[in-house]
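Remarks on the structure that follows.
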Amino acid sequence: MTSNSLSEDAGIAMRLRDVRERMAVAAARAGRAPESISLLAVSKTFGSEAVRAAYGAGQRAFGENYVQEALGKIAQLADLTDIEWHFIGRIQANKTRQIATHFHWVHGLVDFDHARRLSEQRPAGWPPLQVCIQVNLSGEDSKAGVAPREVGDLIAACATLQGLRVRGLMALPAALEGEAAQRVPFRALRALRDRLAMPGLPLECLSMGMSADLEAAILEGATLVRIGTAIFGGRSYNPSRGG
Ligand SMILES: *Cc1c(COP(=O)(O)O)cnc(C)c1O
């Protein structure tokens, strides 16, 4: 197994500290408790040694986009038993079993057939898979996501399934310049959540905000920000989209 140099490990620890500081400053501006916002470290394209370095700096939740790449890291890091793995990529029907048996969370659910497969494939006796529905707000970068008017029906359908629990909504808005512009889609996601939440289904998780716009997301109520570049550095390649 390769390992990072000490300076690479120190760089990850330092950037993690910077990200936590940005989150704390944004939380203070929003008048929110910093503990009400969790940090998901997005480790796609980086190796298990980078995850191990972040873990060593106290990080526990990691996000991965590609199933095959993630399974390798999950196996190499099996000794770190309290890592929480989040699948944040595009779900493919032929990968749902691996997702259901290796991850704790799925952001980016867009399809009831995928939900049904994940439900059936989640091993009996395991805690439910924690799920966020991805919403396609207007101006979305990727075309992925459920149209806002269809989110309620998908949540209601998923609520009937065993083995998974809908925790909230996720969005991946197109990159925008400036905090005021960045806040607009995040505000829309929060408003949709407020409209759809009901007793017993609080949809308390708002998974929104990345390296370039985490402040805007926190100001609009994000409870989980997904941060890659600001922790691990720039991504130099796109792994195969084979997942
Ligand atoms: C890659 C990715 C991120 C992290 O983006 P950065 O800009 O590197 O922080 C967050 N969410 C999703 C869904 C991603 O695919």
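The values are calculated or read from the model by the stated rules, or taken from the named source; none is laboratory data. Note that the structure is a prediction, hence the values are computed from the model and not measured. Here the Cβ positions follow ideal geometry from the backbone for every residue, glycine too, while neighbour counts run over all protein chains shown. With ligands, DNA and RNA removed, areas are computed over all heavy atoms of the protein, side chains included. Shrake-Rupley method; radii C 1.70, N 1.55, O 1.52, S 1.80 Å.
Numbers for the structure displayed
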item	result
Summed side-chain charge close to Ser119 - residues other than Ser119 whose Cβ falls under 12 Å, Lys, Arg +1, Asp, Glu -1	+3
Solvent-accessible ranking of Glu21, Glu84, Glu177, largest area first, probe 1.4 Å	Glu177, Glu21, Glu84
Heavy-atom accessible area per residue - the chain, 1.4 Å, Å²	46 Å²
Rg/Rh ratio calculated on Cα atoms of segment 82-135 (Kirkwood radius)	0.92
Where the Cα pairs of segment 1-159 fall when distances are cut into 5 Å bins, in %	2, 8, 16, 17, 18, 16, 13, 8, 2, 1
Segment 111-193: antiparallel DSSP beta bridges as a percent of all, rounded to 5	10 percent
For q = 0.14 Å⁻¹, Debye-computed log10 I/I(0) when each Cα of segment 112-243 counts as one equal scatterer	-0.70
Antiparallel content of DSSP bridges confined to the chain, in %, to 5	5 percent
Which of Ile83, Leu164, Ala27, positive extreme of dipole for the chain (C-beta unit charges)	Leu164
Student exercise, the chain dipole from Lys, Arg, Asp, Glu Cβ charges, in Debye to nearest 20	320 debye
Percent carbon-and-sulfur accessible area, segment 48-206, ignoring ligands, DNA and RNA, probe 1.4 Å	52 percent
Alpha-carbon centroids, segment 109-135 and segment 143-178: separation in whole Å	12 Å
Within segment 93-122: backbone nitrogen closer than 16 Å to the Ala78 label point (7 Å, Cα to C-beta)	101-103
